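To start, the structure under review is shown below, and the notes come after it.
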Amino acid sequence: VTGYKWGTATITATTTGNDEYCANQTASANITIKEFPRISISGTTPFCGETTELTASIDNISNDNTKYTISWYKEGDANVKETGDTFNASEGVYYAKVTGDFLETATSDQLTVTKKSTPTVANFNYEAPDNLEYNNETKTATVIWNSTQGGAITIAYSSSNSTVTPVDPINVGIYYVFVSTVEDEDFCAVNNLYIGTFTITCPEVAAPAIDA
């Protein structure tokens, strides 16, 4: 008997008889034929945010109607984290298993999930405008990435260090500098990160000459 498809098969044997045994003696037994699936997992890593979605893919199953369960695990924890085709993962090392009535249990390779860095003040170099005397011209601060390189930088100026209400730094006063960046392959986006301050001052006015 050759088994080529999953399921339960019955093997029946019948004797033809000889000098010691009668003919037509029948014996039967049930056997289970299982398939050997393959499972792999993938997802966006490193990622930004609280979690990233991992997806499991199954192949080497001949029948689309085969019922199976995908279980997700985190390295070092024998408990099932979740079941289903997808799983929202935080940082860690994960793997998945597929099980079914007519399947041999298969385990995926491990996937290490990491988060991108979130920019902080330490990631930037800040320089206040060169000329801080009022001259009815907009002042421009300089903010660049330091030894690390991230996404494009947008600078905003505000008269408050807690609430960003964009203003043009033209008039006399204190200005607070904030930066926003876009996400890139190394860093998450940041929005309105306070980076420094500068003060536009009144120009010195020479005292008028007084004739004696």
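The values are calculated or read from the model by the stated rules, or taken from the named source; none is laboratory data. Here the structure is a predicted model, which is why all the values come from computation and not from measurement. Reconstructed Cβ throughout: ideal geometry from the backbone, glycine too, with neighbour counts over all protein chains shown. Surface areas here come from the heavy atoms of the whole protein model, side chains and all, with no ligands, DNA or RNA. Shrake-Rupley method; radii C 1.70, N 1.55, O 1.52, S 1.80 Å.
Roughly to the nearest percent, how much of the accessible area of the stretch 84-212 is carbon and sulfur, given a 1.4 Å probe?
Answer for the stretch 84-212 is 48 percent, counting heavy atoms of protein chains only.
Run the dipole for the stretch 89-191 about the Cα centre, Lys and Arg Cβ at +1, Asp and Glu Cβ at -1, nothing else charged, and hand back the magnitude in debye, nearest 20.
Using Cβ point charges on Lys, Arg, Asp and Glu, the stretch 89-191 gives about 240 debye.
Rounded to the nearest whole Å², what accessible area per residue is found for the stretch 117-179 with the 1.4 Å probe?
Ligands and nucleic acids excluded, the result is 58 Å² per residue.
Near residue 53, within a Cβ-to-Cβ distance under 12 Å, what is the net charge of the other residues, with Lys and Arg +1 and Asp and Glu -1?
Once all neighbours under 12 Å are counted, the net charge is -3.
Net charge around residue 124, counting only other residues with Cβ within less than 15 Å of its Cβ (Lys, Arg = +1; Asp, Glu = -1)?
With Lys, Arg at +1 and Asp, Glu at -1, the neighbours total -3.
Looking at the square roots a ≥ b ≥ c of the eigenvalues of the Cα gyration tensor of the stretch 62-196, which shape do they give, rounded for a/c under 1.5, prolate if a/b is larger than b/c, or oblate?
prolate
How big is the stretch 131-212 in terms of Cα radius of gyration and Dmax, in angstroms?
Expressed in Å, the Cα Rg and Dmax of the stretch 131-212 come to 17.6, 72.
Convex hull over the alpha-carbon atoms of the stretch 58-127: what's its volume per residue in Å³?
Spelled out: Cα convex hull of the stretch 58-127, divided by residues, is 135 Å³.
Below 13 angstrom from the Cβ of residue 107, what's the summed charge of the other residues (Lys, Arg +1; Asp, Glu -1)?
After counting each charged neighbour, the total is -1.
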